[in-house]
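Below is one structure, written out as structure tokens; comments come after it.
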Amino acid sequence: MLSLIYLSHQNLWLMPDIGDFPEHETLSDFVDLYFEKFHPTFPILHKPTFLQSDTPAVLLLSVAAVGATYAEKSVQPLAVALSELVRRIVTWMVCHPQDCTDDSEPAISGPNSINML
């Protein structure tokens, strides 16, 4: 997990190892915090149909990153690292839409699309 935090502060990221990610239980706790703390104010997702097992990875990481910001102070560096990871994934998706979908149209398009997320 520490190397994920370290990697998030580098200009160029090497692909993080799966062992660098938080445990499934920790990510689930972050998702719970998202729905407990963030969702009541900004109900963006439909909570009754949100299933972690069926959620695209970028959305699940986004939810976990937001939830992590509500966790105890000791995991705040992890919240920053997850947010940076999501930012870089979305940036890559915008710049390489042909690699993200089977359609010829980009899944996310436009100059301000990163700001929309």
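The values are calculated or read from the model by the stated rules, or taken from the named source; none is laboratory data. As the structure is a computational prediction, the values presented were derived from the model and not from experiment. All Cβ positions, even for glycine, are placed from backbone atoms using ideal geometry, and neighbour counts span all protein chains on display.
Cβ-Cβ distances below 6 Å connect the following pairs, each with a first residue in the range 41-55 that is at pLDDT below 95, a second residue that is in a helix (DSSP H, G or I) and not aliphatic (A, V, I, L, M), and a separation of six or more residues or different chains: LYS47/PHE35.
Would a scan of the range 12-30 turn up a residue that is of a type in the set (A, V, I, L, M) and modelled with pLDDT of 85 or more? Yes: the range 12-30 contains one or more residues that are of a type in the set (A, V, I, L, M) and modelled with pLDDT of 85 or more.
Within this structure, VAL75 fails the test of being at pLDDT 95 or above and part of a helix (DSSP H, G or I).
Checked against (1) over 13 Å from the mean Cα position of the chain (by Cα); (2) modelled with pLDDT of 60 or more, THR91 meets all criteria but (1).
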